[in-house]
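Input: a single structure, listed below in structure tokens.
No lab work stands behind these numbers, since they all come straight from the coordinates. This structure is a prediction, so every number in the text was calculated from the model and none was measured. All Cβ positions, even for glycine, are placed from backbone atoms using ideal geometry, and neighbour counts span all protein chains on display.
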Amino acid sequence: MLFISTALFFIGVYGFLTRKNMITMLMAIELILNSVNINFVAFNKYLYADKLDGLFFTIFIITIAAAEAAVAIAIIIHLYRSLKSIDVDDADLMKF
Amino acid sequence: MIIGGGILAVTSRKIFRAAIYLLFSLLGIASLYFYLNYEFIAAVQIVVYVGGIVVLIIFSVFLTHASGDEMQKPVLWRALFSGLAAVFATALTLLYITEHTFIPTANAAVAPSVKNIGLQMLSTTQYGYILPFEVVSMLLLAALVGCIVIAIKIKTKE
């Protein structure tokens, strides 16, 4: 279980580092958050089966990931409207 | 299925296919939760991720891309060094995981049923989760309002 989550986490890190498209970077972030969820659930199942805390952390992480994805997609669509592109290299308006 | 879907999701050149691979990876994770007998978490995973986030991502792909065009390849040295970093970090982490001995608790297990989850989540006693629950609800409200404010189309006078 931990092997799966480790591999998935670093797949997400690799995707985040190599992609230039904002939507695919968002997908990589989702992979990372999911690997964290697998970790919480696995630890709760195999080490601390008398508590439910891992489940609550998982539920809250899923909720926050949903909110974060919604806000990120709103920002991406707004950027696309003003820049006609969703590459991170083109979004340098705040560079000084 | 999880690992393969994840790898294809971060390496596929077509963004729509990457979204579909991500969908398969998330479904694999949901089946993993079913395998661990955490049906409620699996249901939440399917509803929120597969039903919500992936659909949202696919919609935004349709809004921002002409369908079927390929993304440019990642820069070679960047892909190389990111891949090396990911592989070595995975190896190091797996090494630590295999060396570490985990000690499971000796107490009796609690059934992860929806009833237990709901009772503990909404209880105000010592181990209750009512405060994070309310904070998360405020966060969701703020995200909702923020999305509308960000994505609203401002009418400009012609």
Proxy exposure order for B:F102, B:F81 (fewest C-beta within 10 Å first) is B:F102, B:F81
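Take each complete run of DSSP H in chain B, measure how far its Cα atoms stretch along the helix's own axis, and keep only those covering 20 Å or more with mean Kyte-Doolittle hydropathy at least -0.5; list them.
On the way: long enough: B:15-35 (30 Å, 1.71); B:76-99 (34 Å, 1.36); B:130-151 (31 Å, 2.53).
The qualifying helices are B:15-35, B:76-99, B:130-151.
Using the Kirkwood radius built from alpha carbon pairs, what does the Stokes-Einstein equation give as D for the stretch B:1-109 at 4 °C and 1.567 mPa s, in µm² per second?
Once the numbers are plugged in, D ends up at 78 µm²/s.
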Most exposed to least, judged by fewest other Cβ atoms within 10 Å, B:T11, B:T101 sort to B:T101, B:T11
Note to self: C-alpha centroids of the stretch B:103-121 and the stretch A:60-94 sit apart, in Å, by 38
Mean-square fluctuation maximum in Gaussian network of chain A, Cα pairs under 10 Å, restricted to A:F56, A:F40, A:F16, hits A:F56
Note on chain B: contact order normalised by length, alpha-carbon pairs under 8 Å, 6 or more apart, percent, works out to 16
In debye to the nearest 20, the charge dipole size for the stretch B:6-158, taken about the Cα centre with +1 at each Lys and Arg Cβ and -1 at each Asp and Glu Cβ, equals 500
Helix-only [θ] at 222 nm, chain A, -39500 (n - 2.57) per DSSP H run of 4+, per residue, nearest 500, equals -27000 deg cm²/dmol
CD proxy, 222 nm, chain B: helix-only mean residue ellipticity via -39,500 (n - 2.57) per DSSP H run with n ≥ 4, per residue, nearest 500, stands at -21500 deg cm²/dmol
proj_area_mean for the protein assembly as shown (convex hull on C-alpha atoms), units nm², value 16.8
When B:H100, B:H65 are ranked with the fewest other C-beta atoms within 10 Å first, the list becomes B:H100, B:H65
Comparing B:V55, B:V145, B:V44 in a Gaussian network model of chain B (Cα, 10 Å), the one with the largest mean-square fluctuation is B:V145
Largest fluctuation, B:Y49, B:Y35, B:Y127 only, Gaussian network model of chain B with Cα springs under 10 angstrom, belongs to B:Y127
To the nearest 20 debye, chain A has a Cα-centred charge dipole, built from +1 on Lys and Arg Cβ and -1 on Asp and Glu Cβ, of 100
Kirkwood Rh for chain A from C-alpha pairs, in Å, is 14.9
Chain A: relative contact order from alpha carbon pairs under 8 Å, six or more residues apart, as a whole percent, is 28
